[in-house]
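Asker: Sharing a structure, written as structure tokens. Questions coming.
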């Protein structure tokens, strides 16, 4: 069994080293550099060689991630972002699971931080992740052709859907936002990208449907996912999760692409 670690980045010189230095448990490290104009390339070369750098320019999130997956040679791949850290206990568990698992992918639990504060409850509804299928066999996972939150297609050893594995016990550290302003900027960025995807699809949706989604997504994050346990932070997450599809719809229908 061989294990590849994959990181896809765009101008992440401020936090890339802290991410890459925690991936030494993998047999190879592949870094995709998307339109990088800062020092990300030089930082990546401190942890891997030029043969494991993939440089290019992508407008869609899915294809750039698929390019990175294709560049990995390992039997298994663990996919992380530059704002994520793999603690040593999780790294050891990833190796152990990859060496023994009969499944095609495994979910990794996520601890999300806003600044220095751990905010564990309330994430989801396309505005944050409490877990994600980050450990998978080569060839099992394909990202869809979208700019933000690409869809996923799975291929299992049975030729149909993948055999899902158990969720790993240890958690990934995700430094998702620096502060409230950063959270709001992320909401605007996500909505802008989603609006472009909606225009491309030709199915922008309706105001009534997205108003309903505002309510249902708020309820999902604040109540069902217990965002209320985080006080004001949980309220902010639920509001952003509810507003995301509505803002995307308004941008797609009112603004020119």
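Asker: Go over the candidates 241, 248 one by one and state the one that is crowded, with 21+ Cβ neighbours inside 10 Å, touching a helix residue (DSSP H, G or I) at 6+ places or on another chain (Cβ under 8 Å), in contact (Cβ under 8 Å) with a residue 60 or more places away in the chain and outside the structural domain of residue 93 (by TED's automatic domain parsing).
Answerer: Of the residues listed, the single one that is crowded, with 21+ Cβ neighbours inside 10 Å, touching a helix residue (DSSP H, G or I) at 6+ places or on another chain (Cβ under 8 Å), in contact (Cβ under 8 Å) with a residue 60 or more places away in the chain and outside the structural domain of residue 93 (by TED's automatic domain parsing) is 241.
Asker: For the stretch 28-38, does any single residue satisfy the condition of being in contact with a helix residue (DSSP H, G or I) (Cβ under 7 Å, 6 or more places away or on another chain), in the same structural domain as residue 92 (by TED's automatic domain parsing) and part of a helix (DSSP H, G or I)?
Answerer: No, the stretch 28-38 contains no residue that is in contact with a helix residue (DSSP H, G or I) (Cβ under 7 Å, 6 or more places away or on another chain), in the same structural domain as residue 92 (by TED's automatic domain parsing) and part of a helix (DSSP H, G or I).
Asker: For residues in the stretch 153-186 being modelled with pLDDT under 95 and assigned to a strand (DSSP E or B), which is surrounded by the most Cβ atoms within 10 Å (Cβ to Cβ)?
Answerer: Filtering the stretch 153-186 for residues that are modelled with pLDDT under 95 and assigned to a strand (DSSP E or B), the one surrounded by the most Cβ atoms within 10 Å (Cβ to Cβ) comes out as 154.
Asker: Taking the stretch 1-58 only, how many residues are in contact (Cβ under 8 Å) with a residue 40 or more places away in the chain, within 18 Å of the chain's Cα centre (by Cα) and under 17 Å from residue 78 (Cα atoms)?
Answerer: 12
Asker: If you don't mind, there's one more thing I want to ask. Going residue by residue through the stretch 215-229, is there one that turns out to be surrounded by fewer than 19 Cβ atoms within 10 Å (Cβ to Cβ), outside any helix (DSSP H, G or I) and not assigned by TED's automatic domain parsing to the domain that holds residue 34?
Answerer: yes
Asker: If you don't mind, another one. Only one of 46, 64 is outside any loop (DSSP other than H, G, I, E, B) and either crowded, with 16+ Cβ neighbours inside 10 Å or out of contact with any strand residue (DSSP E or B) (no Cβ under 9 Å at 6 or more places or on another chain) (or both); which?
Answerer: Going through 46, 64 in turn, just one is outside any loop (DSSP other than H, G, I, E, B) and either crowded, with 16+ Cβ neighbours inside 10 Å or out of contact with any strand residue (DSSP E or B) (no Cβ under 9 Å at 6 or more places or on another chain) (or both): 64.
The values are calculated or read from the model by the stated rules, or taken from the named source; none is laboratory data. A quick note: this is a predicted structure, and the numbers were derived from the prediction, not measured. Neighbour counts run over all protein chains shown; Cβ positions are idealised from the backbone, glycine included.
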